[in-house]
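Engineer: Below you'll find the structure I mean.
What follows draws every value from the coordinates through simple rules; no lab data is involved. Every value quoted in this text rests on a predicted model; they were computed, and no experiment measured them. Reconstructed Cβ throughout: ideal geometry from the backbone, glycine too, with neighbour counts over all protein chains shown.
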Amino acid sequence: MVVQNGEPKDALELKADWPTPALPVMGSNLLVKVSHAGLNPADIHFMAHLPSWLPFRRNAIPGLDFVGEIVQTGPLAPPEMTVGTEVCGSLGVRQVAFGAGSLAEYVLVPSDLVAVKPATLPLAAAVGLGTAGQTAALIMRQAKVQKGARVLINGASGGVGSILIQIAKAKGATVVAICSNASDAHVRRLGADEVIDYKVHQDLYDFIAKTFKESQLDLIIDCMGDDALFTKSPPYLKPDGKFISIVGGRTQGIYPFLKNKFLPVFLGRTPRSYSILGLAPAGTYAREVAQWINDGLVKEVPVDSEFRLEEAVEAYEKQATKRAKGKIVVAIKS
């Protein structure tokens, strides 16, 4: 749990005697015994910047994503959510902000935030139906990818990008992945048609412009927060193409949204469609991703690495490097 603000090594402390959530479970809520929790950049932001001295942040438990087994249901829980069912999802941001996160043995969660875990998906991989998978579902709803579309994904090897590659390919798109050479085999295995190693080009945007000058892109998805990828996009993004970002930067998306959406073109706005998306976790998104897996559209939810609960600091330090190939997972019980 978070005992003070700062980097993970300073902020986190393991508590072995924390009480189980209050019983009985009410309404349509579920008490879930957590098997694995997934880490996200938002966790690190919360522990660094949400004041730990606030009454509702004292001894806050971090973590959004989880997978586990239902051990008790409220009287209004859906009939498919029975004791013993394995479910996965992402907790609401408000719930985590108030300190009731997923890096714990048990979570109390509204039933409308979860999906039944696909039978073919390993427990550790199922945390991908949390923030990463749901963000991919949100993007795909906005993007409306058509067969034959040319799609570029920046940050393609991460948790969101790994799912986007597969579902975009399943929709019939040609997928171009931006990542390091170390992730080349990873993104190609998931279905990427072309790979651009951002480390080897002195001017990445000029290289993209020359590469796609004659066959411009229909869609760019930015999972890294690279604003220049948008501002320099007219040579490589079609006039009616879309640019979708999921990283807001220091202003949590306010500055890039205003600059790239509302500034007049004659004052410097790039003349291309721009969206910045923020996820509000929901079971509808989780169930959509579960259906992609059950239908064979997404064949793999990559797990970069798995840590024990006692190694949570090391897990978050790896998360902070932004070099994961898929999800970083913490096993709550061995």
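Engineer: If you fit an axis through the alpha-carbon atoms of helix 159-170 and take the longest principal axis of the Cα set of the chain, what angle between them do you get, 0 to 90°, nearest 10?
Structural biologist: 60 degrees
Engineer: Please report the net charge: other residues with Cβ closer than 13 Å to the Cβ of G99, K and R +1, D and E -1.
Structural biologist: In short, +3.
Engineer: Once you charge only the Cβ atoms, +1 for Lys and Arg and -1 for Asp and Glu, what is the size of the charge dipole of segment 132-276 about its Cα centre, to the nearest 20 debye?
Structural biologist: Roughly 440 debye for segment 132-276.
Engineer: Can you sort S180, S305 by how many other beta carbons sit within 10 Å, fewest first?
Structural biologist: Ordered by Cβ neighbours within 10 Å, fewest first: S180, S305.
Engineer: Can you pull the percent of Cα pairs in segment 1-106 with separation above 25 Å?
Structural biologist: So the pairs more than 25 Å apart make up 22 percent of the total in segment 1-106.
Engineer: Each residue of segment 94-102 in turn: what ³J(HN,Hα) in whole Hz from Karplus with 6.51, -1.76, 1.60 and θ = phi - 60°, glycine and Pro shown as x?
Structural biologist: Calculated HN-Hα couplings, in order: 4, 4, 6, 4, 8, x, 9, x, 8 Hz.
Engineer: So what is the 222 nm mean residue ellipticity for the chain from helices alone, if each DSSP H run of at least 4 adds -39500 (n - 2.57) and you divide by all residues, rounding to the nearest 500 deg cm²/dmol?
Structural biologist: Value at 222 nm, helices only, nearest 500: -7500 deg cm²/dmol.
Engineer: Determine ³J(HN,Hα), in whole Hz, for all residues of segment 177-193 in sequence, where each value follows from phi through the Karplus function 6.51 cos²θ - 1.76 cosθ + 1.60 and θ = phi - 60°; x replaces Gly and Pro.
Structural biologist: 10, 9, 6, 7, 4, 5, 9, 4, 5, 4, 6, 5, 4, 7, x, 4, 7
Engineer: If you build the convex hull over the alpha carbons only and average its shadow over all orientations, what do you get for segment 199-334? Give it in nm² to one decimal.
Structural biologist: So the Cα hull casts an average projection of 11.8 nm².
Engineer: Over the Cα atoms of the chain, how large are the radius of gyration and the largest Cα-Cα distance (Dmax), in Å?
Structural biologist: 20.2, 63
Engineer: Please find, in a Gaussian network model of the chain (springs between Cα atoms separated by less than 10 Å), the residue of Y255, Y198, Y106 whose mean-square fluctuation is greatest.
Structural biologist: Result for the chain, Cα springs under 10 Å: Y255 fluctuates most.
Engineer: Kindly put H186, H49, H36 in sequence by how many other C-beta atoms sit within 10 Å of each C-beta, fewest to most.
Structural biologist: Result, fewest neighbours first: H49, H186, H36.
Engineer: How do D240, D65, D184, D218 line up, fewest other C-beta atoms within 10 Å first?
Structural biologist: So the ranking, lowest neighbour count to highest, is D240, D184, D218, D65.
Engineer: Tell me, what ³J(HN,Hα) does each residue in segment 33-46 have, in order and in whole Hz, if you take phi through Karplus 6.51 cos²θ - 1.76 cosθ + 1.60 with θ = phi - 60° and put x for Gly and Pro?
Structural biologist: 7, 7, 8, 9, 10, x, 9, 9, x, 4, 4, 5, 5, 4
Engineer: Moving to a separate point now. Of F207, L108, W292, which is farthest on the positive side of the dipole of the chain, counting Cα position, with +1 on Lys and Arg Cβ, -1 on Asp and Glu Cβ, and the Cα centre as origin?
Structural biologist: F207
Engineer: Here is a follow-up. If you average the alpha carbon positions of segment 1-64 and of segment 152-198, how far apart do those two centres end up, in angstrom?
Structural biologist: That distance is 32 Å.
Engineer: Related question: Just in segment 224-305: which chymotrypsin sites (Phe, Trp or Tyr not before Pro) are loop by DSSP and have at most 10 other Cβ atoms within 10 Å?
Structural biologist: When the chymotrypsin sites (Phe, Trp or Tyr not before Pro) of segment 224-305 are filtered for loop state and at most 10 Cβ neighbours within 10 Å, F262 remain.
Engineer: Could you give the Stokes-Einstein D for segment 132-276 in µm² per second, using the C-alpha Kirkwood radius, 4 °C, 1.567 mPa s?
Structural biologist: 85 µm²/s
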